[in-house]
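This report refers to the structure that appears directly beneath it.
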Amino acid sequence: MDSRNHLYLVDGSAYIFRAYHRLPPLTNPQGVPVGAVYGYTTMLWRLAEDLHKADGPTHLAVILDKSSITFRNALYDQYKANRPPPPEDLKPQFPLIRDATRAFSLACIEEEGLEADDLIASYARAATAQGWDVTIVSSDKDLMQLVGQCAQGGTGCVDMLDTMKNQRIGIPEVVEKFGVPPELVGDVLALMGDAVDNVPGIRGIGPKTATKLIVEHGGLEGALAAAPTMKAGKLRDSLIEQADMARLSRQLVALKEDCPLPVPLEDFSLGPIPPEPLAAFLSTHGFTSLLRKLGTPAPAAAAAPAGDSPAAGKAATPAPAESTRQPLPTWPAIDRDAYPCVQTLEALQEWIDRAFAARLVAIDTETSALDSMRADLVGVSLAVGAGQACYIPLGHRGTDMFSEVPRQIPREAALAALKPLLESAAVIKVGQNIKYDLTVLARHGIAVAPIDDTMVMSFCLDAGRSETGLAGHGMDELAGRHLQHTTMLFKDVCGSGKKQISFAEVPLPDATRYAAEDADVTWRLHQLFAPRLADEGGTRIYQRVDRPLVPVVAQMERHGIRVDREQLANLSTRFAAEITRLEAVIHEKAGGPFTIGSPKQLGDVLFDKLGYKGGKKGKSGQYSTDQSVLETLAGQGAEVATLVLEWRQLSKLKSTYTDALQAAINPDTGRVHTSYSLVGAQTGRLSSNDPNLQNIPIRTEIGREIREAFVAEPGHVLLSADYSQIELRLAAHIADVAPLREAFEQGEDIHARTARELFGEVNRDTRGRAKTINFAILYGISRWGLATRLGTTADEAQAMIDRYFERFPGIQRYIHETLESVRANGFSETLFGRKTWFPRINSGTQAERQGSERAAINAPIQGTSADIIKRAMARMLPALAEAGLPRVKMLLQVHDELVFELPEEDVAAASEVIRAVMAGAAAPSVQLTVPLGVEIGTGRSWGAAH
DNA sequence: GAGGTCACG
DNA sequence: GACGTACGTGACCTCT
């Protein structure tokens, strides 16, 4: 049995800098960046795996830098003075390195006033003196001085291990790098200096010359002494003039080998690594692959319905969200009356300190209105644990005109105190729809980061799962579903309708109960959702796509877009006159006045009073009068139908656009600020509201004029960049349809290509029909639906579908496999792992079931497209900044289009960046087999940019 | 609040 | 033979 001890000394600080730059910016389920920590953890794992091997470690310690000020600064005040501060998203990872080390039950050594290098040198010397072998896990060139070194009287040997290159560094490798043996490395370093550590060396001498001099003269002192005899020149002069700098440098690079050892060597002895603390750590940070390796039974990837083949006719409802995990943690029940109202700066500071200590705080802002761009801040609530919540009133008025303003911390003072917490990279701020709070606080100069959002987390876990509402991710609903708690409703404190009061008028005790409860609930929901995301495969989409998008979308909303009020007002006037004229004519033709806007009255007039044929009554017993019905009537010569269609178009444009948009202009900014919902569409798309800027007219000439009113600031232009045919491209990729893929690669007209495949010839008619069929495929096809659209019979439509499947066989396979998978698992998935649930996919009601099937076929395609543009949006601002284009503002997203506002002179450069980011947005996560085409246009108005 | 209609991708 | 007439949204209007 080999009894020789082998000590591994891990240079932890140096490692994480390297890991940070080499690994992608991962974040853990709490949103803390952990890319470097992950790299560090896998390295420790690999070292631990060598434990049982003959030449593996018997002892191991991780050595960290503690402070930046060391004895070397006393020698040379410029030492390491040039070093830039670590990146913001690396800072919060430093303390986690200790957590990781402790999780492996390994020793972690750091000492004030010493660099890790000195501790490593001292431990190495002490170990070799006792005959131990030492491996230094690092690739730091300063440490190469120690290689091979045996302490006097000792017999142990030192080598190094570069875990990233998986390379052992012994004496030969050092000689190869420096041209000298390890004991002369210090001399070479002293001559050449080190830009990173700001070791001066001798100006003009680099590694080559330094090595040459040291080899020729046997060492630094030899080289300096020989300088006067060298041939005259710059090198000779430098050596003579800067000899003192070289000697100083020699001292700086020398490693201190006699530091007192804070922990005796024997304490580094390795035993089996206890799995529990390690498992807890891996789970906290979502390192699921390592967790699996640990042998912990991995939780089910997703909650599948019990049994594979549900009884026919009986709805197989996938297990509800709350039953997929362990029972609720043992939290105290929510007690509204226990929350403190914070009214002094001292009390506030205590809460801020607690939040810093907890490193995660739930936050909620209370305001005077729903529009985050107009609302005034009324108060802030915080939660640092279950039941550990408070409310900080900031803008409350008296409850009526006779009462006093309640005691509050002055708003600016409170915000100044909160700002460091809200902006600290080391503390996660959790909110329920935190985009709202981000905007409100940004208007007070606070840039809240990093963040987590329980609403978005819920969406990534349970989109489509709610049987009831469409949204299903509101706080009140989540509290009921996951915490079995009925929250206090807004209308409970503010009332509703005419009697509704502003939150600023709510008495403090009520406001505290309501607001602090929201923060408490948010904190608890976060605790439930974070591990679920890791367990159920939601981490990827949440961390990589949706969470990074939150601040980006918040900023787009804050930018808003300029609209020309006068232009809209002119359109409104024009439309009004035309509507009035049409109204008179329609009433005349109808033989009397009626409300044209009432479908009921219109139906009665058309089909009963005027006696037109073809009226169909729906289940409400009312005639349908929609566009297609009116068009049919118009085709049969009913002039009144044509007039009503015109009237409808103008009414729509006026009320929904030209009137409403004028009212939507924010008086402070003079711009229109939409609000995007991050959980609005089950497929993962954004939706836009108040006002909806995703449905501004474009398809008709008259509607298009409204787009002209969206304009750029003087000296600027609007730039519109849209993905061309992205959903068809994705269908071609996902279903692996070779002819379609090929057509996209060749840049062909895709509908024309489809026409050629289906009909053998391409003309206006066949291309149009092919286009209809292509869309039908994306939407989940039915022969009746297609027949209606094509104006043909169901049989002919079916023949066309058969032909399509025959020419593009991948499509049929995609549909089949998608449906099988959704029936079995309850959800569909995008290429980036976004799930959409279909609780009615196995419904006994045919209409319900077929509806779910069509949606399920469409969801992976529409959803993947949404993922891609979201990734492009998250990358866009950094990419523009890096390209020196900080003035380019991203304003709007319309599903496959992004709208920017930028100075005219930036157009050419910005176009290239925008195109590159959008076209490359799937990579590297997904390698598409079709190119993503991006079309760009610019102009003074949105209309002109198309 | 529901239903009908229509604006967009 | 009935089912119901393509996927995903949000806003406005009328009527109950």
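The values are calculated or read from the model by the stated rules, or taken from the named source; none is laboratory data. What you see is a predicted model, and the numbers here were worked out from it, not measured in a lab. All Cβ positions, even for glycine, are placed from backbone atoms using ideal geometry, and neighbour counts span all protein chains on display.
Against the test of being assigned to a strand (DSSP E or B) and over 23 Å from the mean Cα position of the chain (by Cα), the options A:Leu898, A:Leu902, A:Leu891 yield a single qualifying residue, A:Leu902.
Filter region A:439-468 for residues that are of a type outside the set (S, T, N, Q) and surrounded by fewer than 19 Cβ atoms within 10 Å (Cβ to Cβ); which is modelled with the lowest pLDDT? Selected residue: A:Glu467.
The set of residues from region A:591-608 being away from DNA strand B (no atom under 16 Å from the Cβ) and at negative phi comprises just one member, A:Pro593.
Candidates are the residues of region A:624-662 that are near DNA strand B (Cβ under 7 Å from one of its atoms) and not in a helix (DSSP H, G or I); the one that is farthest from A:Val585 (Cα to Cα) is A:Ser624.
All conditions in (1) surrounded by fewer than 16 Cβ atoms within 10 Å (Cβ to Cβ); (2) part of a loop (DSSP other than H, G, I, E, B); (3) among the basic types (Lys, Arg) hold for A:Arg397, with the sole exception of (1).
Return a yes/no flag: does region A:836-851 have any residue that is within 16 Å of DNA strand B (Cβ to nearest atom), surrounded by fewer than 19 Cβ atoms within 10 Å (Cβ to Cβ), among the charged types (D, E, K, R) and farther than 19 Å from A:Glu557 by Cβ. There is at least one residue in region A:836-851 that is within 16 Å of DNA strand B (Cβ to nearest atom), surrounded by fewer than 19 Cβ atoms within 10 Å (Cβ to Cβ), among the charged types (D, E, K, R) and farther than 19 Å from A:Glu557 by Cβ.
Of all the residues in region A:698-727, those that are more than 26 Å from the chain's Cα centre (by Cα) and surrounded by fewer than 19 Cβ atoms within 10 Å (Cβ to Cβ) number 11. Here are the criteria: (1) in contact with a helix residue (DSSP H, G or I) (Cβ under 7 Å, 6 or more places away or on another chain); (2) more than 16 Å from A:Leu7 (Cα to Cα); (3) in contact (Cβ under 8 Å) with a residue 60 or more places away in the chain; (4) buried (at least 18 other Cβ atoms within 10 Å of the Cβ). Tell me which single one A:Met164 does not satisfy. Of the numbered conditions (1) in contact with a helix residue (DSSP H, G or I) (Cβ under 7 Å, 6 or more places away or on another chain); (2) more than 16 Å from A:Leu7 (Cα to Cα); (3) in contact (Cβ under 8 Å) with a residue 60 or more places away in the chain; (4) buried (at least 18 other Cβ atoms within 10 Å of the Cβ), the odd one out for A:Met164 is (4). Note on region A:762-781: residues that are near DNA strand C (Cβ under 8 Å from one of its atoms) and within 23 Å of A:Glu631 (Cα to Cα) total 4.
The residue list A:Ile434, A:Ile363, A:Ile392, A:Ile409 contains one member that is touching a Ser or Thr at 6+ places or on another chain (Cβ under 9 Å) and surrounded by fewer than 24 Cβ atoms within 10 Å (Cβ to Cβ), which is A:Ile409. Only residues that are in a helix (DSSP H, G or I) and closer than 21 Å to A:Ala511 by Cβ were counted in region A:408-426, giving 8. Residue selection: A:Gln78 fails the criterion of being touching a Ser or Thr at 6+ places or on another chain (Cβ under 9 Å), outside any helix (DSSP H, G or I) and in the same structural domain as A:Thr163 (by TED's automatic domain parsing). Among the residues of region A:772-803, which ones are acidic (Asp, Glu) and within 16 Å of DNA strand B (Cβ to nearest atom)? If the condition is that a residue be acidic (Asp, Glu) and within 16 Å of DNA strand B (Cβ to nearest atom), then no residue fits.
Put simply, of A:Asp117, A:Asp65, A:Asp89 the only residue that is part of a loop (DSSP other than H, G, I, E, B), farther than 20 Å from A:Arg4 by Cβ, in contact with a strand residue (DSSP E or B) (Cβ under 8 Å, 6 or more places away or on another chain) and touching a residue at least 40 places away in the same chain (Cβ under 8 Å) is A:Asp89.
Quick check on region A:654-679: of everything there that is within 11 Å of DNA strand C (Cβ to nearest atom) and surrounded by fewer than 17 Cβ atoms within 10 Å (Cβ to Cβ), which residue is farthest from A:Ser828 (Cα to Cα)? It comes out as A:Ala663. Say we look at region A:12-27 and pick out the residues that are surrounded by fewer than 22 Cβ atoms within 10 Å (Cβ to Cβ) and touching a residue at least 40 places away in the same chain (Cβ under 8 Å); which of these is nearest to A:Val361 (Cα to Cα)? Filtering region A:12-27 for residues that are surrounded by fewer than 22 Cβ atoms within 10 Å (Cβ to Cβ) and touching a residue at least 40 places away in the same chain (Cβ under 8 Å), the one nearest to A:Val361 (Cα to Cα) comes out as A:Leu26.
A:Glu566 meets the conditions (1) in contact (Cβ under 8 Å) with a residue 60 or more places away in the chain; (2) within 30 Å of A:Lys889 (Cβ to Cβ); (3) not hydrophobic (A, V, I, L, M, F, W, C) in every case but one. The failed one is (1).
Can you pull out the residues in region A:584-604 that are more than 7 Å from DNA strand C (Cβ to nearest atom) and touching a Ser or Thr at 6+ places or on another chain (Cβ under 7 Å)?
A:Pro599, A:Leu602, A:Gly603 - these are the residues of region A:584-604 that are more than 7 Å from DNA strand C (Cβ to nearest atom) and touching a Ser or Thr at 6+ places or on another chain (Cβ under 7 Å).
Selection within region A:427-447: residues that are hydrophobic (A, V, I, L, M, F, W, C) and part of a strand (DSSP E or B). The member of this set that is farthest from A:Pro95 (Cα to Cα) is A:Val430. Contact map, region A:790-812: first residue assigned by TED's automatic domain parsing to the domain that holds A:Leu740, second residue basic (Lys, Arg) and within 15 Å of DNA strand C (Cβ to nearest atom), Cβ cut-off under 7 Å, separation 6 or more or different chains; pairs are A:Leu790/A:Arg769; A:Ala794/A:Arg783; A:Ala797/A:Arg783; A:Gln798/A:Arg783; A:Ile801/A:Arg783. The single residue among A:Arg887, A:Arg854 that is touching a residue at least 12 places away in the same chain (Cβ under 8 Å) and closer than 23 Å to A:Leu719 by Cβ turns out to be A:Arg887.
Collect the residues in region A:819-835 that are within 16 Å of DNA strand B (Cβ to nearest atom) and of a type in the set (Val, Ile, Thr), keeping them in residue-number order. Matches in region A:819-835: A:Thr830 only.
Filter region A:587-604 down to the residues that are farther than 19 Å from A:Leu650 by Cβ and surrounded by 11 or more Cβ atoms within 10 Å (Cβ to Cβ), then identify the one that is farthest from the chain's Cα centre (by Cα).
If we filter region A:587-604 for residues that are farther than 19 Å from A:Leu650 by Cβ, which is where we start, we get A:591-592, A:600, A:603-604.
Those left that are additionally surrounded by 11 or more Cβ atoms within 10 Å (Cβ to Cβ): A:600, A:603-604.
Details: A:Lys600: 47, A:Gly603: 49, A:Asp604: 53 Å.
Once the filter is applied, the top-ranked residue is A:Asp604.
The set of residues from region A:151-176 being more than 42 Å from the chain's Cα centre (by Cα) and outside any loop (DSSP other than H, G, I, E, B) comprises A:Val158, A:Asp159, A:Ile171, A:Pro172, A:Glu173, A:Val174, A:Val175, A:Glu176. For region A:680-701, taking the residues that are more than 9 Å from DNA strand C (Cβ to nearest atom) and among the charged types (D, E, K, R), the one that is nearest to A:Ser828 (Cα to Cα) is identified as A:Arg699.
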